[in-house]
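Data first, discussion second: the structure below is written as structure tokens.
The values are calculated or read from the model by the stated rules, or taken from the named source; none is laboratory data. These numbers were taken from a predicted model, which means no experiment stands behind them. With ideal geometry, Cβ positions are generated from the backbone for all residues, glycine too; neighbour counts draw on all protein chains shown. Ligands, DNA and RNA are excluded from the accessible area calculation, which covers all protein heavy atoms including side chains. Shrake-Rupley method; radii C 1.70, N 1.55, O 1.52, S 1.80 Å.
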Amino acid sequence: MPRRPGPAVFLICFAGLAACSTDYGVQPNPFRATAFSTQEGALGNADYGPATFIQSPNYVNSSRSPAGGQVKVIVVHTVQGSYNGCISWFQNPTAKVSAHYVVSKGGDVTQMVKEEDIGWHVGSENGYTIGIEHEGFVSDPTYVTPQMLDASAKLTCYLVKKWKLQASKVSIKGHVELPNQTHTDPGQFWPWNNYIAKVAACVNGGGTQPPPACPASCDDKNACTIDLCEAGKCVHSNANGIVCWDQDACTAGEKCQNGACVGGSQVKDCNDNNACTNDGCANSNCTHANNSAACDDGNGCTAGDACAGGSCKGGAAKNCNDGNPCTVDSCAAGSCKNVGATNCDDGKPCTDDSCQGGACAHVANAKACDDGNACTSGDKCAAGGCKSGVPKLCDDANPCTQDACSFGACVSVPLQGKCDDGDACTQEDGCVAGACAGVALDCDDDVACTTDSCKGGKCQHVGATGPVATTCQGNSVVQTDPCGGAGTKLVETCAAGSVCIDGACAPDPEGTGGEADAAGAGAGRGGDPSSSGDATTQPDAGARGGPIDTVAGKGPPDAAGGAGPDSRSPTTDAKTAGVNGVGDAGPLGVGAATPPLPAPGCTAGPRANASTSVLVSLLLAALLWLARGRRREPVRVFPHP
């Protein structure tokens, strides 16, 4: 029961069919029937006596019976493999296929499904049929042996009689002849006429040999006719409605109609996915005929595309003309592009460039521009060109430099020569290292006691204090101005035990201690009634002073006496005036101390005696001072610091 040519798919033999392909040859069977027999249950409970029973798991349990008339057709199959391989395959539960009987080339018969049960051999038509498989291949012209044909005819004769069927093609059909089938077995090499004649002769009691009057074969090689031999003549009737095959792999599902295999639909996929070909199938081959149908060439810039020569040809170009002579019109990606046809840019910033009527026009403008000179600013277009603006100002107001602008930066170069520094008190002005400088006017009048200067180009001489000289006056250090401007200033009075030498107090080299010297220096100790000092003395307060006039309070010329730091009285401010100055009890207690005279009418007591002693001491000191004064060195004058 082969399928139509194409990939070999066998209904009853397993994939690979290695086991089915072994040909065991024609072997004698001791149980082979020599005549029709109705014996049942002979070997392994087979329904047909000469058969060996081997149960297949692939069937539907049923209870069909001749009285019920459920069986109507006996189906002839071809194994497409070996006898033993088929029996093995039918025993495989995964095969899901079976037939009631299998017949070998040697005439052996094996039953695998009880007749009352439904075998799985013709799909939707299983319910009313009994199937008989025959060893061999439909493509083999010699696969039907006389032994197999005779054994099969006897088996069919038995079934026709048992199930009350007709010994003709009405009740005996090939697999290909049943509805809804895709197989072609038993194929063109199955001898239908001889086979039916054998069955009919057996049924009619004449054995299995065909009547001698019939021709050797009535097969007209037309699958859509039923070929019979009746009364010694071949009779061919249309087998309308049975499935057939038109020998074209392009179609499937054909059926016989009025003796011809027609209908069906194309099953072979011949689509080449080309819109410009008409795809078809003929004589098992795909066909692709060129057409001229409308198509799309994938270019949005063409229209009216059509097929030619099996491919899509672009139609007319899309019209993108915008009517402007100054643009180049084109199409890209389905969209029109209109770009300026001519580059009208003259590269000049001071002209406005455009295309007018297909020609370039350049109109001067007044835009800001750059003349390329960084030393100008505010450049502006005029008459189609860039006119320089205001030069950069680089004057530094210095007569001794040459000022200029270079690459946008001011540069000043030093000059040489005469100049005027603007100062009337300088002369011979000249440029030096980029600066104007002159020589100051000489206004020195060689007078030490004047301050010389220049103003408005004229010399001025103003009296000034001369250099200060520090000298000794008696036992006092004083400063004097040789120009007379500042007078004489007392610096200090040398203390007891020291004398003024060269403008400074120094220890007395003759060791006279506190003896009054010629400068009028004296010493007293506070708290001593005989001490000289202020009118009112305090403990530890003393007074120094030179010889004084007890009446007038005057001392020797240029002599100054001073009160000690603690000699001041909170109630009496002692003052003594000398010949050349007045001494005060100031912060340092410097001043000439004059003892107060007794009040009129008062009697001089012990204090009066003390005053007399002081006077005597002062006289002695004055004599000594005069004696030393004769050998004293000349006074040195030092400049004022």
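Hey, can you tell me all the residues within segment 288-301 that are open to solvent by 60 Å² or more (accessible area, probe 1.4 Å) and either part of a strand (DSSP E or B) or among the hydrophobic types (A, V, I, L, M, F, W, C) (or both)?
Hits for segment 288-301 are 288, 290, 294.
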Exercise. Of the conditions (1) in a loop (DSSP other than H, G, I, E, B); (2) within 23 Å of residue 174 (Cα to Cα), residue 110 clears all except one; give me its number.
Key: (1)
Quiz item: Does any residue of segment 304-315 turn out to be among the acidic types (Asp, Glu) and in a strand (DSSP E or B)?
Solution: no
Practice problem: Please give the number of the condition residue 141 fails out of (1) out of contact with any Ser or Thr (no Cβ under 7 Å at 6 or more places or on another chain); (2) surrounded by fewer than 22 Cβ atoms within 10 Å (Cβ to Cβ); (3) modelled with pLDDT of 95 or more. | Solution: (3)
Quiz prompt | Test result for residue 335, farther than 30 Å from residue 246 by Cα and either loosely packed, with under 13 Cβ neighbours inside 10 Å or acidic (Asp, Glu) (or both) | solution = yes
Quiz item: Taking segment 413-451 as the search range and keeping residues that are within 13 Å of residue 399 (Cβ to Cβ), out of contact with any Pro (no Cβ under 8 Å at 6 or more places or on another chain) and small (Gly, Ala, Ser), which one is surrounded by the most Cβ atoms within 10 Å (Cβ to Cβ)?
Solution: 438
Quiz item: Within the group 381, 400, 425, which residue is under 30 Å from residue 350 (Cβ atoms), without any contact (Cβ under 8 Å) to a residue 60 or more places away in the chain and not small (Gly, Ala, Ser)?
Solution: 381
Self-check item: strands (runs of 3 or more DSSP E) (entirely within segment 341-382) containing at least 3 residues that are surrounded by 14 or more Cβ atoms within 10 Å (Cβ to Cβ)
Solution: 351-356, 359-364
Quiz prompt | Selection within segment 256-277 - touching a strand residue (DSSP E or B) at 6+ places or on another chain (Cβ under 8 Å), touching a residue at least 24 places away in the same chain (Cβ under 8 Å), open to solvent by 30 Å² or more (accessible area, probe 1.4 Å) and outside any loop (DSSP other than H, G, I, E, B) | solution = 257, 261
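Within segment 47-104, restricting attention to residues that are part of a loop (DSSP other than H, G, I, E, B) and among the hydrophobic types (A, V, I, L, M, F, W, C), which residue is farthest from residue 169 (Cα to Cα)?
Among residues in segment 47-104 that are part of a loop (DSSP other than H, G, I, E, B) and among the hydrophobic types (A, V, I, L, M, F, W, C), the one farthest from residue 169 (Cα to Cα) is 54.
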Quiz item: Do any strands (runs of 3 or more DSSP E) lying entirely in segment 466-509 carry at least 1 residues that are of a type in the set (Val, Ile, Thr), and which ones are they?
Solution: 469-473, 476-480, 488-493, 498-501
Exercise. Working carefully through the options 393, 415, find the one that is touching a strand residue (DSSP E or B) at 6+ places or on another chain (Cβ under 8 Å) and over 22 Å from residue 456 (Cα atoms).
Key: 415
Exercise. Can you tell me which residue within segment 383-412, out of those that are of a type in the set (Ser, Thr, Tyr) and surrounded by 12 or more Cβ atoms within 10 Å (Cβ to Cβ), is nearest to residue 432 (Cα to Cα)?
Key: 401
Practice problem: Those residues that are among the acidic types (Asp, Glu) and open to solvent by less than 10 Å² (accessible area, probe 1.4 Å), I need them from segment 118-138; list them, please. | Solution: 133
Quiz prompt | Residues located in segment 68-102, provided they are farther than 15 Å from residue 135 by Cβ, of a type in the set (A, V, I, L, M) and modelled with pLDDT under 95 | solution = 95
Practice problem: Go through segment 94-112 and give me each residue that's open to solvent by less than 10 Å² (accessible area, probe 1.4 Å) and over 23 Å from residue 62 (Cα atoms). | Solution: 103, 104, 106, 107
